[in-house]
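> Could you have a look at this structure, given as structure tokens, before my questions?
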Amino acid sequence: MVIDDVNNYRNMKYIHYIILSALMLLSSCGNKKIADEILKMQSRPIDLTACEDAVCYENGKKSTYTCADSAYKLVIYIDSASCSPCFISHMYDYEETVAELDSVGIRTVFIFEPQEEKEEDVKTLLDRQAYPFLSVVVRNGSFSSANPHLPSSPLLHSFLLNKENKVIVVGNPARNDKVKELMLNTVKSLKES
């Protein structure tokens, strides 16, 4: 029990070090608003229960939500203000990154929360495109309602969660190699400690 407590302390200490470093960098660059948004995201766990009742696709087939037991999850959230069909048409850009993250035990889930009138279009596109990663279509703003602490900025809609669904890294690893390296190194370090 004492060893587990020591390991948990080390993990939390490491996570806090990463978070503080990122916040200092952001604050020093005059991005106080972004730093505040990240702190708000980390104020409580991300609620993924909306995904459990959602329509899911993987490899072009209907699937079920399979991330509940994953130790690390990369969430890429596409909200109702975003162009979901546009995003879907470019999801192939994520294939290499998702494979690399998967190799260290990070499960990637794309969460779509389209406007009600676009929902069927999104489902049809995900079915046709047959991407090899889990895509979830939640209804009626259920994800955003369960997570009012998420910022409206799409720049902050990609984030790495730990087993307790707490945000440990924010950023899009497919668009920023430094974010990808940070995610990979964070998970490797947490697994080693």
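The values are calculated or read from the model by the stated rules, or taken from the named source; none is laboratory data. Predicted model, so just to flag it, every value in this text is computed and none were measured. Cβ: placed from backbone, ideal geometry, glycine included. Neighbour counts: every protein chain shown.
> Filter the helices (runs of 4 or more DSSP H) completely within the stretch 47-127 down to those with at least 2 residues that are farther than 22 Å from residue 162 by Cα, touching a residue at least 24 places away in the same chain (Cβ under 8 Å) and of a type in the set (Gly, Ala, Ser).
Details: elements: 49-52, 84-89, 95-102.
Counting at least 2 such residues, we get 84-89.
> Return yes or no: is residue 108 over 12 Å from the mean Cα position of the chain (by Cα) and crowded, with 19+ Cβ neighbours inside 10 Å? Please lay out each step first, then the result.
Details: over 12 Å from the mean Cα position of the chain (by Cα): no; crowded, with 19+ Cβ neighbours inside 10 Å: yes.
No.
> Yes or no: residue 191 exposed (fewer than 14 other Cβ atoms within 10 Å of the Cβ) and either more than 16 Å from the chain's Cα centre (by Cα) or aromatic (Phe, Trp, Tyr) (or both)?
Numbers: exposed (fewer than 14 other Cβ atoms within 10 Å of the Cβ): yes; either more than 16 Å from the chain's Cα centre (by Cα) or aromatic (Phe, Trp, Tyr) (or both): yes.
In short, yes.
> Looking only at the stretch 66-86, how many residues end up being surrounded by fewer than 18 Cβ atoms within 10 Å (Cβ to Cβ) and under 12 Å from residue 125 (Cβ atoms)?
Number of matching residues: 3.
> Could you grab me the full set of residues in the stretch 150-160 that are in a loop (DSSP other than H, G, I, E, B) and surrounded by 16 or more Cβ atoms within 10 Å (Cβ to Cβ)?
Just the residues of the stretch 150-160 that are in a loop (DSSP other than H, G, I, E, B), to begin with: 150-153, 157.
Scanning the stretch 150-160 gives 150, 151, 157.
> I'm trying to understand the selection: among the residues of the stretch 127-146, which are among the polar types (S, T, N, Q) and touching a Ser or Thr at 6+ places or on another chain (Cβ under 9 Å)? Before the answer, list the steps.
Filtering the stretch 127-146 down to residues among the polar types (S, T, N, Q) leaves 129, 135, 140, 142, 144-145.
Listed by number, the residues that qualify are 129, 135, 142, 144.
> Hey, among the residues in the stretch 111-135 that are modelled with pLDDT under 95 and of a type in the set (A, V, I, L, M), which one's surrounded by the most Cβ atoms within 10 Å (Cβ to Cβ)?
Checked the stretch 111-135; the qualifying residue surrounded by the most Cβ atoms within 10 Å (Cβ to Cβ) is 126.
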